[in-house]
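Here's the structure we're looking at; comments come further down.
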Amino acid sequence: MSQLEQILTHNRHFVENKVYEQFKAERYPRKKLVIVTCMDTRLTELLPRALDLKNGDAKVLKTAGALISQPYGSIMRSVLVGITKLKAREILVIGHHDCGMVGLTAEPVLDDLADRGITEADIASVNEAGVSVDKWLCGCENVETGVMESVQLIQNHPLVPEDVLVHGLVIHPETGELTLIHDGR
Ligand SMILES: [Zn+2]
C-alpha cells in the first residue's frame, strides 16, 4: 500500500501545528559544508546526529555508495553549485560499512529488472545510447576505495578550485563512529 495518504495527513498536522518553526534555517550552509554520502536508510537521522549537524548546517547529497560515477553528472554539478553559489568551503565524502554498493555487479540488478518486465532489447537500447549498462550498475570494491574514488574525482575535477578541502570518511551504520581515511587539509 502506498504511504502517500498517511504522509499527506501527517503533513497537514505538521503545518497546522507549526512544527516547522524549530527547523528554521538559511539557504546557505552555516558550516560551509557539502556532504556526499550514501542513501542508506540507517543514515537518515544517524549521520546528522553523529556529526552534530542541524537543519541549515550543510548541503547533503545522497547517492548509492557515496559514489560519484560521472564527472559531469548531476551529483558533481550539485557539488559545484554548493561550493560556488552556496559558498561551501569543505566537502566530506562519507561512505559506510555494510554498504550495498560494495561488490555490487550489474547481474543481480538486471535479473531483478528482467523479473519485472525489462527485456534484453530495453537493455540493448541503453548500451546503444552509449552507456555500458554493466559498468554503470557496478558498485565499488570496498568502502574505502569507493570513498577515495569520489574524493579524487572531486579533487581532480577541472572546475573545482584548489581552496576547497575534500575529506574522505567512513561511518559505522549502527554506532555512527567516523573513521577518517583522507584528510584534505
Ligand atoms: Zn550504502
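How big is the antiparallel share of DSSP beta bridges in the chain, given as a percent to the nearest 5?
Values: 4 of 22 bridges.
If I count the DSSP bridges inside the chain, around 20 percent turn out antiparallel.
So which chymotrypsin sites (Phe, Trp or Tyr not before Pro) in region 15-88 are both in a DSSP loop and have at most 11 other Cβ atoms within 10 Å of their Cβ? Don't skip to the answer; put the middle values down first.
Working: sites: 20, 23, 72; in loops: 72.
Answer by residue number: 72.
Across the chain, the relative contact order, built from alpha-carbon pairs under 8 Å that are at least six residues apart, equals 24 percent.
Annotation: extensible slack from residue 134 through residue 62 equals 23.7 nm (criterion: 0.36 nm per residue apart, minus Cα-Cα distance). Remark: spin-label model distance residue 141-residue 54 equals 4.3 nm, labels positioned 7 Å along the Cα→Cβ axis. Of the cross-linked pairs 62/85; 31/135; 62/87; 85/135; 32/135, those separated by over 31 Å at the C-alpha level are 31/135; 85/135; 32/135. When each of the peptides 133-140, 155-162, 62-69, 11-18 is scored by how many other beta carbons lie within 10 Å of its residues on average, the order from highest to lowest is 62-69, 133-140, 155-162, 11-18.
So what is the calculated 222 nm ellipticity per residue for the chain, using -39500 (n - 2.57) for each DSSP H run with n of 4 or more, over all residues, to the nearest 500 deg cm²/dmol? Kindly include the intermediate steps, with their values, before the conclusion.
Numbers: 7 runs with 67 residues, N = 185.
It lands at -10500 deg cm²/dmol.
How would you classify the chain from its alpha-carbon gyration tensor, with a ≥ b ≥ c the square roots of the eigenvalues: rounded for a/c under 1.5, else prolate if a/b is greater than b/c, otherwise oblate?
Numbers: a/c = 1.70, a/b = 1.16, b/c = 1.46.
Oblate.
Taken together, the values in this text are just the output of simple stated rules run on the coordinates, not laboratory data. Since we're looking at a predicted model, the values are computed, not measured. Using ideal geometry, Cβ is built from the backbone for each residue, glycine included, and neighbour counts are taken over all protein chains shown.
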